[in-house]
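Student: Okay, here's the structure, questions in a sec.
The values are calculated or read from the model by the stated rules, or taken from the named source; none is laboratory data. Please read all numbers here as calculations on a predicted model, not as lab measurements. All Cβ positions, glycine included, derive from the backbone under ideal geometry; neighbour counts span all protein chains shown.
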Amino acid sequence: MSFIKKEKDHEKLFTRRAVIIGGVQAGILGVLGTRLAWLQVSQGEKYRTLSDKNRINIKMLAPSRGQIVDRFGVPLAINSQNFRVLVVPEQARDLEQSLRSLQNHIEISEDQIQDVLKTAKKTAKFVPIEVKDDLEWEDVATIEVNLPDLPGLSTDSGERRLYPFGEATAHVIGYVGAVNKNEIGDDPVLSLPGFKIGKTGVEKRFDLEMRGKKGSAQVEVNVAGREVRELKTQGSHSGRRIELTLDGEFQRFTQSVLARERSASAVVMDAHTGAIYALASSPAFDPNLFTSGLPADVWEELLANPAHPLTNKAIAGQYPPASTFKMITALAGLQDGKINSKRVSHCTGRYEYGKDKFHCWKRGGHGWVGLSQALAVSCDTYFYELATEVGIDKIAETARMFGLGDKLGFELKEERPGLVPDKNWKLGHNGKVWRPGETIVASIGQGYLLATPLQLAVMTARLVNGGYAVKPWMTDGELATNELREGDKWPKMDINPAHLKKVKQGMDRAVNHEKGTAYGSRIENPDTAFGGKTGTGQVQRITMSQRLAGIKNEDLAWKQRHHALFVGYAPLKNPQYVCAVVVEHGVGGSKTAAPIARDLLSEVQKRNPRSQGLKG
Amino acid sequence: MNSAITLHSEQSLLYKIKHINWGLVALILAISGIGFAALYSAAGGNFSPWASKQMVRFGVGLVGMFAIALIDIKWWFRLVWPCYFLGLFLLVVVEIMGQVGMGAQRWINLGFMQLQPSEVMKVAVVMALARYFHAATVEDMRRIYFLIIPALIIMAPVSLVLLQPDLGTSLMIIMAGASMLFMAGASIWLFIIGGVAVLAAIPIAWHFMHDYQKQRVMTFLDPESDPLGAGYHITQSKIALGSGGIEGRGFLEGTQSRLNFLPEKQTDFIFTLWAEEQGLMGGLLLLFLFGLVFFYGALIAMRCRHHFGKYLALGLSVNFSLYVFINIAMVMGLIPVVGAPLPLISYGGTSMLATLIGFGLMMSCSIHHDSKVSR
């Protein structure tokens, strides 16, 4: 009996305990079910997002940069296919290890590795970094095959900027380069690996227009970061194509002519429309080197070169206009009524004003000279005399009317304003009163006066086009800053045509009269003959001892020699083209600048770009 | 009454087959079927390499299960000690092989499969304890010295498994053993004191832990703190589960598993794969099926007329539930990642085999619930 009772108790105990166990099991199942529901329902949204973040990569698609073409559609800047290898630091568990493995397959310098490591520290871990570009197709194939051993690395085919004209368009077109930290703005496209933006020239000026709009692709990736499929793609919009008024071949010609000298620049422009046909500065550099990471030594060399190859001297070089300014002085006198066109001066080679003596460039003087003769032989005395009567303020006013002393609103941002001094300017500049002697110096384009070759070309155009205030431009349509619209004319300047005619006559004689300073550079064919004016700009004062010793300027060190200038137009009757040439330390305008101008004006008339291509 | 027992112990084969617990068999088939589907999905919609192999193993295991079920429970009762010591022996063999082979080894290669003795041992420990408690009275269970032998039965394999070292499995053997003590009637105080002792030991254990072990604990407490390192598994598993939502991403559509963000998707994290693709509905269905299995186990234990069968059936059921709980709690981030498979579903031979052996024994208890098992 007691055995049975015990057995029953035992049974009861077991049942009790079994029920407890069952209860615990049910409880745990309940906890698990609740947890599952919490994860999948309350937190479902959050985890769904995280899951999508895991699997979906948004890939930005780089837009194609707009091309730059010349007036005939000849490409000046294009994009060529560029194979690159990229790395995503997040996907490379050990970034350096991945790069070292890559070294086994393609050639990568230690510097490049260090650069990538440095960049990786500064940017977000998921942003791809360009390791190397401009790869050969074989390299790409090698990397592709070995990708499983190269975590985080991938190859892609991007675009690289190419400048078919190389050095010839280095300054005017400029170049593109990697985005600097302070250049990164709102445009997300700038953070694309290896994205380049315009740094100088047209590339910089119209960077936004040429940049285009990024596209994007949603790609599903697996845990290794490999793309499994594309989910959604929104294509990129390539940037705008920029047409320039330049004539590429003529630009190249200009560059080669300038290269005769150690440092020179030139502008060739349409006399009536202001369209630029060539704008060059020498020495130049190969912009193609800049797009793929310039070697440090090349960069150092460019910086150290005294001829400033990185500067576009045609628009940023500021020089005393020297005798090329004499047309302005003459016009100031004529307009003012202080002189008439028949006025003559007697040049003895020396001009005395008060206690100061001013020399004409020609020892012994020119004797009796009239206005056009004075321009032709570039007699200084004539203008000394004239200037003392007219005064600086009238001269400055005339100079500004002809485009000197301020920026011309040209497309390129490197443009500089030059300087036209007057009495007020001097007071503001150093608080001193203008001295009459300074007017005398200014009358022959020396002293404070500064002008860029672009300004000199504009001045010349306004002198010979019948008195229209042309401005220079390179692009048309909505991008233009100074475009002359079809059928329009530039505003007529308030100037007497007879006075312009007189000045033009002087410029004609300067080249085509046997006593003219540029007679040696004339073109004999009357159809293409040109007129112009030489200029020789003092870099430093000619000392009395030099004058007495008869030291020739070309015997001095390069840096101390005079700048040589020439402004010209062609053809003589009904001028179409104007040019301005500055040869830094070229000794004399007739010696170095005029021959260059002759070649440019001869060639541009031969090519006659104004008759074809882009209007203007 | 004696004649009745005699009659039942010599039941005809047909009678036994008729009395196989077909409901339980149906549950096992359903759960395993879910497993095959999940493995098929884990391979990206392929039977190879996992689902097909698993189906073959299941087929073999199922035959074994029926064979075990049809053998009278008293034979199993007699075979308890040989089984237990064979298991211990295999654990020692594995340990020695590991020493010789220079490295941790947990399995013996039988040619057609790799046998993990620790898996087999989990069943053997339950059998041994059931046999020991079979003869115990309520009073016996109150005596501390009576519990020394059960403690040895538990601790012998535990210490060998710890040497492997496999902390997770040793803890599971201890928990299974503790639940056996509980159902056999050991004093509640024993568990209360034991629990307090474990809690008290935590700070001491923390003090003696290696840095990497501490790191693991910290990662468990806050997996998001190291989402790419130690917390990667659990973070990805939670993302997969959560992203499944109520209805799931759809069969073969689970991106976390298909794109390999989910690690170990065919073994330890297979529940995650299932719940990512089938959502809360699929997850709860699986939990419900498991719950029914536990219920069947308890039912068999209650119906059993002999203590051995009661303890064995309930012990095996609890053991099975421990697997389920630990695995699912782990993939949900409720407990640390310990490396425990989900029975009947995770890819793996020994686990499948051990589970089906357990069910075979459970069914034998059910068929032979009236068998006379000597004391």
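Student: Where in segment A:216-295 are there strands (runs of 3 or more DSSP E), lying wholly inside it, with at least 1 residues that are within 14 Å of chain B (Cβ to nearest Cβ)? Steps first, answer last, please.
Tutor: Working: elements: A:227-234, A:264-270, A:276-282.
Those strands (runs of 3 or more DSSP E) span A:227-234.
Student: Condition test on A:GLY586, is it modelled with pLDDT under 95, in a loop (DSSP other than H, G, I, E, B) and touching a Leu at 6+ places or on another chain (Cβ under 7 Å)?
Tutor: Numbers: modelled with pLDDT under 95: yes; in a loop (DSSP other than H, G, I, E, B): yes; touching a Leu at 6+ places or on another chain (Cβ under 7 Å): no.
No, not satisfied.
Student: Considering only segment A:52-60, I want to know if a residue exists there that is surrounded by 17 or more Cβ atoms within 10 Å (Cβ to Cβ) and within 9 Å of another protein chain (Cβ to nearest Cβ).
Tutor: Checked against the condition, which is being surrounded by 17 or more Cβ atoms within 10 Å (Cβ to Cβ) and within 9 Å of another protein chain (Cβ to nearest Cβ), segment A:52-60 yields at least one hit.
Student: Does segment A:507-517 contain any residue that is over 27 Å from A:VAL344 (Cα atoms) and not aromatic (Phe, Trp, Tyr)?
Tutor: Of segment A:507-517, the ones over 27 Å from A:VAL344 (Cα atoms) are none.
Within segment A:507-517 (the criterion being over 27 Å from A:VAL344 (Cα atoms) and not aromatic (Phe, Trp, Tyr)), the answer is no, since none of the residues qualifies.
Student: Being closer than 21 Å to B:VAL125 by Cα, assigned to a helix (DSSP H, G or I) and within 13 Å of another protein chain (Cβ to nearest Cβ) narrows it down to one of B:LEU181, B:LEU160, so name that one. Even if it seems obvious, please write down each step before you answer.
Tutor: On the way: B:LEU160 fails: within 13 Å of another protein chain (Cβ to nearest Cβ).
Selected residue: B:LEU181, the only one of B:LEU181, B:LEU160 that is closer than 21 Å to B:VAL125 by Cα, assigned to a helix (DSSP H, G or I) and within 13 Å of another protein chain (Cβ to nearest Cβ).
Student: Picking from A:VAL179, A:VAL202, A:VAL189, which residue would you name as being within 16 Å of A:ALA284 (Cα to Cα) and either in contact with an Asp or Glu (Cβ under 8 Å, 6 or more places away or on another chain) or of a type outside the set (Asp, Glu) (or both)?
Tutor: Numbers: A:VAL179 fails: within 16 Å of A:ALA284 (Cα to Cα); A:VAL189 fails: within 16 Å of A:ALA284 (Cα to Cα).
Within the list A:VAL179, A:VAL202, A:VAL189, the selection yields A:VAL202.
Student: Right, something else. For segment A:437-477, give me each residue that is among the polar types (S, T, N, Q), more than 19 Å from the chain's Cα centre (by Cα), buried (at least 24 other Cβ atoms within 10 Å of the Cβ) and within 19 Å of A:GLN318 (Cα to Cα).
Tutor: If the condition is that a residue be among the polar types (S, T, N, Q), more than 19 Å from the chain's Cα centre (by Cα), buried (at least 24 other Cβ atoms within 10 Å of the Cβ) and within 19 Å of A:GLN318 (Cα to Cα), then A:SER443, A:THR460 are the ones that fit.
Student: Continuing with the same structure: Any idea which of A:ARG205, A:ARG229, A:ARG240 is at pLDDT below 95, of a type in the set (Lys, Arg) and under 25 Å from A:GLY317 (Cα atoms)? First the steps, then the outcome.
Tutor: Working: A:ARG229 fails: under 25 Å from A:GLY317 (Cα atoms); A:ARG240 fails: under 25 Å from A:GLY317 (Cα atoms).
None of the other options fit; the residue is A:ARG205.
Student: In segment A:316-425, which strands (runs of 3 or more DSSP E) lie fully inside it and hold 2 or more residues that are in contact with a strand residue (DSSP E or B) (Cβ under 7 Å, 6 or more places away or on another chain) and touching a residue at least 40 places away in the same chain (Cβ under 8 Å)? Steps first, please.
Tutor: On the way: elements: A:344-347, A:350-353, A:356-359, A:367-370.
Fully inside segment A:316-425 and qualifying: A:356-359.
Residues are listed down the side, and each one gets a yes or a no for (1) within 21 Å of the chain's Cα centre (by Cα); (2) within 24 Å of A:ILE78 (Cβ to Cβ):
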position: A:VAL202; (1), (2): yes, yes
position: A:LYS213; (1), (2): no, yes
position: A:ARG229; (1), (2): no, no
position: A:ARG240; (1), (2): yes, yes
position: A:GLN251; (1), (2): yes, yes
position: A:THR273; (1), (2): no, no
position: A:PRO287; (1), (2): yes, yes
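Student: Being under 25 Å from B:GLY33 (Cα atoms), in contact with a Pro (Cβ under 8 Å, 6 or more places away or on another chain) and not hydroxyl-bearing (Ser, Thr, Tyr) is the filter here; which residues of segment B:325-351 pass it?
Tutor: B:ASN327, B:MET330, B:GLY348
Student: Given (1) at the interface with another protein chain (Cβ under 10 Å from one of its Cβ atoms); (2) crowded, with 24+ Cβ neighbours inside 10 Å, where does B:THR255 come up short, assuming only one miss?
Tutor: Answer for B:THR255: the failing condition is (2).
Student: Restricted to segment A:82-136, and to residues that are outside any loop (DSSP other than H, G, I, E, B) and acidic (Asp, Glu), which residue is farthest from A:SER292 (Cα to Cα)?
Tutor: A:GLU96
Student: List pairs: first residue in segment B:305-317 and more than 8 Å from chain A (Cβ to nearest Cβ) and over 10 Å from B:ARG131 (Cα atoms), second residue outside any helix (DSSP H, G or I) and among the acidic types (Asp, Glu) anywhere in the structure, Cβ distance under 6 angstrom, at least six positions apart or on different chains.
Tutor: Filtered contacts from segment B:305-317: B:ARG305/B:ASP370.
Student: Kindly provide the set of residues from segment B:166-220 that are more than 26 Å from the chain's Cα centre (by Cα) and acidic (Asp, Glu), ordered by number.
Tutor: B:ASP211
Student: If you don't mind, there's one more thing I want to ask. Give the residue, chosen from A:THR254, A:THR291, A:THR273, A:THR324, that is under 30 Å from A:GLY391 (Cβ atoms) and either modelled with pLDDT of 95 or more or not small (Gly, Ala, Ser) (or both).
Tutor: Working: A:THR254 fails: under 30 Å from A:GLY391 (Cβ atoms); A:THR291 fails: under 30 Å from A:GLY391 (Cβ atoms); A:THR273 fails: under 30 Å from A:GLY391 (Cβ atoms).
Just a single option satisfies the conditions, and that option is A:THR324.
Student: Residues to consider are A:LEU39, A:LEU29; find the one that is at pLDDT 95 or above, within 7 Å of another protein chain (Cβ to nearest Cβ) and part of a helix (DSSP H, G or I).
Tutor: On the way: A:LEU39 fails: at pLDDT 95 or above.
The conditions single out A:LEU29.
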